[in-house]
Amino acid sequence: MTKHCEIVFPYSFGFICIQHFERKGTMDSISRSLNRFSFDLSNKISSSEIDKNNAISPLSISATLGLVLLGAREETSTQIKKVLHLLDSETTPKDERRGIEKSCGKKIKRDEVSDVHNQFHELLTQLKSPTSDSVLAIANAAFTQLNFPLLEEYLTSAKELYDAKVETVDFQDDKTRLKINSWVEEKTKGKIKDLFSDSLDKSTSIILVNAVYFKGQWKKKFNVANTTNAPFYIKKDSEISVPMMSQTEKFNFGEIDEIDAQIIELPYATGELSMFIILPNDIAGLQKIDNQITAESLMKWTNSENLTSTKVEIQLPRFKIETSYNLVQYLENMGMIDAFSQQKANLSGISDKGLYVSQMIHKCYIEVNEEGTEAAAATGAVIVPKSLILPKKFIVKHPFLSFIKHITFDTILFHSKVYFP
């Protein structure tokens, strides 16, 4: 962290490595689909990494899987759609389809791709909205093996629907590893260096990469002078000392009775993005919330109509999370099996040669401080806000959930569970 305490940021990075082998023998919106996927995946990770920090960018992972889905066929395609909750997204109202067609332009023939990819295109295009106070950058790339017979239709669609950079390389040349590492480092603003530390597998046919980078300043910044060391209780009988930021201002606030928790919205300067923090009232209450929260309940709780603007004394630790996951095991457990199987994978929309996904790696980084954030990622619920003359207190001194959400598109960009700030 620099001495002048330059913003809180998240970024995430993911890649998929596809290798060849000798073949033997509506959800009502894309955002809602991806939000559901976010909770499914986060819960799978949490179940195997109990009481550990958890951070993912569902947008980054979904965009990468979208590029795979573009070339998947038959059962392989169906499984990916099920995991992403996309099966109902292929049917959209006529007015919405006309809007998508207009945004995609004349080069894309609607009959040649499903509505799912047009919706991905629309979402990714609309989310890119850099301002003087905020940057949200999304980048896709397809690095393809020299002379390997990839279908031109796939590469064209990847460019036009996912704005993917397509570059021919030689995976047997170690300079290719350096080239991809350099691209990753550039897109993540230097956060990820030397991603591929070893030589790339000689059988690699195509590497699909996505990077999401967000940097935003708080609408109401914390004064560094007010930051002091304070206890953070990892468990009831275990605490650590952390730099605790504090301020008393008006924020959207609510109490969620059914999960015995509080919620607060910390908006970024743009007005389109906010961080939401859900804080259990009990030190050990995060697991209970984890078992009950869903994408639908979160969308309801974070709706401004269900929150009340009130003066709040907030204390929030600076925190930084860095995570790295091999997603293959989690996605297989969620039902995406065939894509990772040499025997069953059908990626014939990418190449006539047999292909399967050999690796899927996701890395996420979130840092929050006084300036802002840098990241390179229930039905019938009732929120009961209380109106008091004295400020409400929102003291984050034990494990909590945080979400960075695009308000306009109701889309979760980064999803984290913080046990150790």
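A few notes on this one:
- Distance histogram for the range 161-221 (every C-alpha pair counted, 10 angstrom bins, percent rounded to whole numbers): 18, 45, 24, 8, 5, 0
- Members of K175/K417; K82/K405; K81/K235; K202/K320 lying beyond 31 Å, as alpha-carbon distances in this model show: K175/K417; K81/K235; K202/K320
- The length gained on full extension between D51 and S246, counted as 0.36 nm times the residue separation minus their Cα-Cα distance, comes to 67.6 nm.
- Summing +1 for each Lys or Arg and -1 for each Asp or Glu among the other residues whose beta-carbon sits under 9 angstrom from that of M275 gives 0.
- Between the beta carbons of D201 and D282, assuming R0 = 41 Å, the FRET efficiency works out to 0.30 to the nearest 0.05.
Rule-based calculations on the coordinates, nothing more; no lab input. No experiment lies behind these values; they were computed from the predicted model shown. Using ideal geometry, Cβ is built from the backbone for each residue, glycine included, and neighbour counts are taken over all protein chains shown.
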